[in-house]
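For reference, the structure discussed in these notes is given below.
The values are calculated or read from the model by the stated rules, or taken from the named source; none is laboratory data. All figures in this text were calculated on a predicted structure; none of them were measured in a lab. Glycine also receives a Cβ, built like all others from the backbone with ideal geometry; neighbour counts cover every protein chain displayed. These accessible areas exclude ligands, DNA and RNA; they are computed on the full protein's heavy atoms, side chains included. Shrake-Rupley method; radii C 1.70, N 1.55, O 1.52, S 1.80 Å.
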Amino acid sequence: MLTFRHTVAGESVTVNVPEDTTDLKLFWDWLNRARERGPIALDTETTGLNIYSAGYRLRTVQFGDAHEAWVLLYEQGGYHAQYAREAIPRCREVLIHNAAFDWLVLDEHAGIRLEDLAPHTTDTRILAALIDPRQPSEGGAGTALKPLSAKWIDPAAPDTQGGLTRVFNSLGFTKETGWAGIPLTHPTYLLYAGLDVILTARLAPVLRRELDRLGVRHQLVTYEHEIARICAVMQRAGLLVDQDYTSTLAGRLAEEAERYATVAARYGVTKVGSSAQVTEALLGMGERLTERTKGGALATDKTVLLPLADLDRDWQRIGARQPNALADAVLRAKRAGKWGKTYAEAFLANLSTAGRIHPTVSPLAARTGRMSVTAGLHQLPSSDHMIRRAILAEPGHVMVSTDFQAVEMRVLAALANVRRMKEGFINGGDEFDIHTYTAKLIKGENATPRHRKIFKGAGFGKVYGGGVATIAKQTGAEEAEIAQAVAAYDRAFPEIKRASSRWQRQAFQNRMVFISATGRRLPLDRDRTYSVVNYACQSAARDLLGQALLNIEGAGLLEYCRLPIHDEVLASVPQRDAEDIAREFQRCMSMDLYDVPITADPEIGGRSWGSLYGADY
DNA sequence: CAGTTCACG
DNA sequence: ACGTACGTGAACTGC
């Protein structure tokens, strides 16, 4: 037995590493005693983050309580792996920090089904996110194990990740290669592996007490664990990539980026990504630049360059001026470069051995509770089918996308109890459009599509907390016109302003934390408390999506789900049942929020995701 | 590592 | 007193 000692919060703790079957029997005895006393903390160390990549290995499985950890050398196989596999189902209740990762690692590499482990799991990261959902950059503690341990357990808790990076470097590895390369029995590696479970075991009761103290409903905690499991199932399924198409596309985009970069170079811009170079060259050509970035420099982003290139927001010629050839080349080089690198090449780089992408789905990523997805899959261009064309439904399947209709406006109407808005949603029928309704409400039957656009801008302004100037810039309308529209909007829907004041007042009385409709804690920034309207709407919409996912699982459709996208669920469904399944998705995503109907619209596509974006594939 | 830009809902 | 567009992930530049 290898044994390490460390001090946590003034107490001596032990990390045991069994070397033979005699040692493993001691582990087994400990496990049987510990599981009677309470939950067992669980963790794994692996060769990296892409669980489905070639050569991926599960290296250690750790078990522990507040004082003792056992690091099982899974990678050695034989008895070590066997004890680990048999120990996990024996734990009645497990504690994991960021459970989805370990669920999926154990599911893929140790034969422990995530469906079996998840119902017995408490995820300390979920508990932490429900106490304070903010990232460190936003003034929160964050939800990583290290800062949470430092805050709640021991200010001197070791930085096991950062500490290992230094060890990796000293052994000639990098932060990336070290996880696979470090010798399995390196003492620091084993000590830190053990400390992680000891810290998790200590964190769980402390965070639970804090949730109780804050009055966070137990129901919300349970709900988040269900959502985490559902998102992990989608991550495990992953998405099929059309590799031939994607390779060709990556090559074509690289060539295009190169071609336009050559044009830009003729004007002295050697790097199209260098804002400083672009600014200097444009000024040298006699162009006037007025927009400023947040940092105070002259801006040369898309909104600045498009007019210089005589292009509108859809990249169509305006005919108002002679296009600036440099602006045009920079725009095109950057777009081709981004699409090629961030999407096409990233798809290929992230491929699993089965030719799939398994993006990390984080169910509680944003401070509003919104989810996030890695590998660019939440940000694929929607103006063109080219990139989404690379993602395929399963053989014999088609893509089905079902999205909520104007969900944030409906949520606003429901939460702020906006009388005339609610009337519209309740009586409006299937084809109801809130922005047309608003335009007619204010302008009468003379309302034009232009009025619709203006009041749509005003509506988004309300949900986002924007002012006249921003709405004017976004819609391209005159400030005076927008000012009138916003005033009319406020008269038509006076409840919104009143709700904003009320919600800000509630937050002030609760140490700047607004409690959402589902009991979620939403901390506000003191200098922009107006954002409470957005937080309330965004987080409620997220919780409706969560409820929809529970309904979808209840209807037996989870196996078809591929991605949650804020107000949409993307699915791959058998072609011959597509109509029926699409109707079921619609049913699962239709619900009621304080009498306001939340409705959903399913779309059946072809084999590729791109087929839902205008092309017929 | 901060700043800028660009892609989405 | 007044007014503030919200939330992400990712690549690249330049210090």
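Against chain A, whose longest principal axis is taken from its Cα atoms, helix A:449-464 shows a tilt of about 30°. Listed by chain and number, the aspartates and glutamates placed with their C-alpha closer than 16 angstrom to that of residue A:341 are A:255, A:256, A:258; residues fewer than eight positions away on the same chain are left out. Inter-label distance, residue A:432 to residue A:184: 6.2 nm, where each label sits 7 Å from its Cα along the C-beta direction.
The alpha carbons of segment A:2-216 occupy a box of 47, 42, 36 Å along the principal axes, longest dimension given first. Within segment A:27-60, find all residues whose amide N lies under 20 Å from a label point positioned 7 Å from the Cα of residue A:353 along Cα-to-beta-carbon. Residues A:45-60 fall inside that zone. Rolling a 1.4 angstrom probe over segment A:340-464 with all protein chains present gives an accessible area of which 48% lies on carbon and sulfur atoms.
Residues of segment A:3-26 with an amide N closer than 19 Å to a point placed 7 Å from the Cα of residue A:151 along the Cα-to-Cβ direction: A:9.
Compared with the direct C-alpha span, the chain from residue A:419 to residue A:79 gains 115.7 nm at full extension, assuming 0.36 nm per residue.
Dividing the Cα radius of gyration by the Kirkwood radius, what Rg/Rh value follows for chain A? Result: Rg/Rh = 0.99.
Counting only residues 5 or more places away or on other chains, whose amide H sits under 5 Å from the amide H of residue A:398 once H atoms are built in the peptide plane? It is A:573, A:575, by chain and number.
Computed from Cα atoms, the angle from the helix A:218-237 axis to the main principal axis of chain A rounds to 90 degrees.
When nucleic acids and ligands are ignored and a 1.4 Å probe is applied, residue A:593 ends up with an accessible area of around 30 Å². Distances between placed amide hydrogens fall under 5 Å for residue A:51 paired with no residue 5 or more residues away or on another chain.
Radius of gyration over Kirkwood radius for segment A:241-349, both on Cα atoms: the Rg/Rh ratio is 1.02. Using amide H atoms built in the peptide plane, which far-off residues or other-chain residues are under 5 Å from residue A:59 H to H? It is A:45, A:46, A:47, by chain and number.
Taking Cα atoms only, the orientation of helix A:243-265 departs from the longest principal axis of chain A by about 60 degrees. Within a straight-line Cα-Cα reach of under 18 Å, residue A:497 can be paired with the following lysines, leaving aside sequence neighbours fewer than 8 residues apart in one chain: A:422, A:456, A:462. Given a Förster distance of 51 angstrom, what is the FRET efficiency for residue A:14 paired with residue A:287, based on the Cβ-Cβ distance and rounded to 0.05? The computed FRET efficiency comes out at 0.15. Taking 0.36 nm per residue of sequence separation and subtracting the Cα-Cα distance, how much length would be gained by fully extending the chain between residue A:67 and residue A:379, in nm to one decimal? Full extension from residue A:67 to residue A:379 adds 107.9 nm. Exposure check, 1.4 Å probe, all protein chains in place: residue A:88 carries approximately 10 Å² of accessible surface.
For segment A:403-443, applying the loop criterion from DSSP together with a ceiling of 12 other beta carbons within 10 Å to the GluC sites (Glu not before Pro) yields A:431. For segment A:81-98, the residues whose amide N sits under 14 Å from a probe point set 7 Å from the Cα of residue A:21 along the beta carbon direction are A:81-83. Normalised per residue, the accessible area of chain A is 45 Å², obtained with a 1.4 Å probe and no contribution from ligands, DNA or RNA.
Loop-located trypsin sites (Lys or Arg not before Pro) in segment A:177-221 (DSSP state not H, G, I, E or B) with no more than 15 neighbouring Cβ atoms inside 10 Å: A:217.
May I ask for the net charge around residue A:460, where only other residues with Cβ less than 15 Å from the Cβ of residue A:460 are counted and Lys, Arg are +1 while Asp, Glu are -1? Result for the local shell: +2. Stretched out straight at 0.36 nm per residue, the stretch from residue A:510 to residue A:484 would grow longer than its current Cα-Cα span by 5.8 nm.
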